[in-house]
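K.L.:
Could you have a look at this structure, given as structure tokens, before my questions?
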Amino acid sequence: MTKGVLLDRLSKQMEHNISGPELQNDVEDMIYLDYNATTPLEDEVVETISRTLREAWQNPSSSYATDTSGKSVKQIIDEARQNVADMIGGNVQDIVFTSGGTESNNMVFHTMLSHFEFKYNKTALERQTEGHSISVPPDKNIPHFITSNIEHDSIKIVLQEYQTLRKAEVTFVPVSKDTGQIVPEDVIAAIKPNTVLVSVMLANNETGIIQPIAEISERLRTIKRGDGETSRIFLHTDAAQALGKIPVSVQDLRVDYLTIVGHKFYGPRIGALYFPGRAGTAPLYPMFYGGGQERNYRPGTENTPMIAGLGKAAELVSRNVKVYGDHMEKTRNYLETQLETTFPDRVKFNGRYPKVPRLPNTCNVSILGAKLHGFQVLSKLKYVQTSVGAACHAQNRPSHILLASGVDPTAAANALRLSVGRHTTKDDIDRAIVDLKQAVQALESDIGQ
């Protein structure tokens, strides 16, 4: 079925309320607009993974492990590490491969627990023994974390668990309801004597709003507390949604830790963690113990094919991120224009604030009207594949992210997250608009009956 035939068929359905076997959800006719949830593998990434599976299957720790060209398997991993480092402006020694974003985020928090225990509590005991004063009150012998109230569950739930188990104190700083951004001054105001880490995502997965990480870093570096490494407040950002859409530089952001997620930029479902390993300015403690791979930070036999695929995906981002971003922004803007034209005076764009930067591919929109809740519209879509928010959240109630960002509860209940990709076309958008229109008409027809 051609796209033109599909568009004509959908139009006739709306005009004549056609239903039945004539309209089928043919796989080739589906319109995927959920690229913030996951992305397909680029062809070059698939080829790299396939070739590595065939030719570099040996254990990287074996001295004889080489592919059919004579390149060592370890060298393949090292080249991928370099590509990932180049993508974010880091050094090759700064990259540790992980299973994905959730592990990377957990690893940072685990590190902070260990760092506080070994560096502060041990130091405090030694100082007390020597008769010196300590900079952290004795009743605050657990670390304090600062984060925002719009974080991904792999951050929010970890910190909530730490609170429940009394492993840490946590402050969830609310974002501004006027901008959807966290305010750097609010972060600074939340600092306590036992604060060890600030963790704020680089870009929100639902609204696309880019957070002021560099400004937070600049403010944190003016904080003077105590002396030595126990006084340092580290900064982490989860860059999952930003990579592949906008340029990301750890030199500009000046973060201590940055989370990398391959399947958000057309790579495999593994990830990496950046930390300044070469400079030695931030600690990293392993969550696992074993054979010593990844410089003992993340032991276990390396997943060579997926690591090679991640490196190729990173290489593509380094070469093409501006082209990708420009195309996605142009397509997203066309989508928003078509929504306004198709549903005049009935659309509200959540997260679109004047002068507030957002990802070039993300459109969070509410089509206003009774019984047009996001999950209800989804149920009527025949061709568009999208969501109301993060795939790990319930899809039948208003997003807590939108509510925290100041979106009216009625609009939040009606929200859809439409995220375009590198290869989304205007024709895809035109067909998606037709499908959305028929979904809304079907719901409103049901109301009238």
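K.L.:
Hey, among Thr259, Thr331, Thr304, which residue is touching a Ser or Thr at 6+ places or on another chain (Cβ under 8 Å), within 19 Å of Phe109 (Cα to Cα), surrounded by 20 or more Cβ atoms within 10 Å (Cβ to Cβ) and of a type outside the set (A, V, I, L, M)?
P.N.:
From the options Thr259, Thr331, Thr304, the qualifying one is Thr259.
K.L.:
Somewhere in the stretch 207-230, is a residue farther than 26 Å from Val261 by Cα, modelled with pLDDT under 95 and touching a Phe, Trp or Tyr at 6+ places or on another chain (Cβ under 8 Å)?
P.N.:
yes
K.L.:
Quickly run through the stretch 429-449 and pick out the residues that are of a type outside the set (A, V, I, L, M) and under 15 Å from Thr342 (Cβ atoms).
P.N.:
Asp430, Arg431, Asp435, Lys437, Gln438, Gln441, Glu444
K.L.:
Restricting to the stretch 48-81, name every residue that is crowded, with 16+ Cβ neighbours inside 10 Å and among the polar types (S, T, N, Q).
P.N.:
If the condition is that a residue be crowded, with 16+ Cβ neighbours inside 10 Å and among the polar types (S, T, N, Q), then Thr48, Thr52, Thr66, Ser72 are the ones that fit.
K.L.:
Could we say that Ser148 is in the same structural domain as Ala242 (by TED's automatic domain parsing), in contact with a Ser or Thr (Cβ under 9 Å, 6 or more places away or on another chain) and either modelled with pLDDT under 95 or over 24 Å from Gly271 (Cβ atoms) (or both) here?
P.N.:
no
K.L.:
Which is in contact with a Gly (Cβ under 7 Å, 6 or more places away or on another chain) and in the same structural domain as Phe109 (by TED's automatic domain parsing), of Pro276, Pro286, Pro299, Pro305?
P.N.:
So the residue among Pro276, Pro286, Pro299, Pro305 that is in contact with a Gly (Cβ under 7 Å, 6 or more places away or on another chain) and in the same structural domain as Phe109 (by TED's automatic domain parsing) is Pro299.
K.L.:
Checking Phe375 against (1) crowded, with 20+ Cβ neighbours inside 10 Å; (2) assigned to a helix (DSSP H, G or I); (3) not polar (S, T, N, Q): exactly one of these is not met. Which one?
P.N.:
With respect to (1) crowded, with 20+ Cβ neighbours inside 10 Å; (2) assigned to a helix (DSSP H, G or I); (3) not polar (S, T, N, Q), Phe375 is out only on (1).
K.L.:
Continuing with this model, one more query. Which pairs do you get when a residue that is more than 19 Å from Glu28 (Cβ to Cβ), found in the stretch 418-447, comes within reach of a residue that is surrounded by fewer than 14 Cβ atoms within 10 Å (Cβ to Cβ), reach meaning Cβ atoms under 7 angstrom, with the pair 6+ apart or on two chains?
P.N.:
Leu443/Lys371; Ile447/Ala370; Ile447/Lys371
K.L.:
So, one more: Out of all the residues in the stretch 391-410, is one or more without any contact (Cβ under 8 Å) to a residue 40 or more places away in the chain, closer than 23 Å to Gly180 by Cβ, among the basic types (Lys, Arg) and assigned by TED's automatic domain parsing to the domain that holds Asp427?
P.N.:
yes
K.L.:
Within the stretch 38-142, considering only helices (runs of 4 or more DSSP H) that don't extend past its boundaries, which have at least 3 residues that are at pLDDT 95 or above and closer than 30 Å to Asn205 by Cα?
P.N.:
43-55, 73-88, 101-115
The values are calculated or read from the model by the stated rules, or taken from the named source; none is laboratory data. Note that the structure is a prediction, hence the values are computed from the model and not measured. For neighbour counting, all protein chains shown are included, and Cβ atoms are generated from backbone atoms with ideal geometry for every residue, glycine included.
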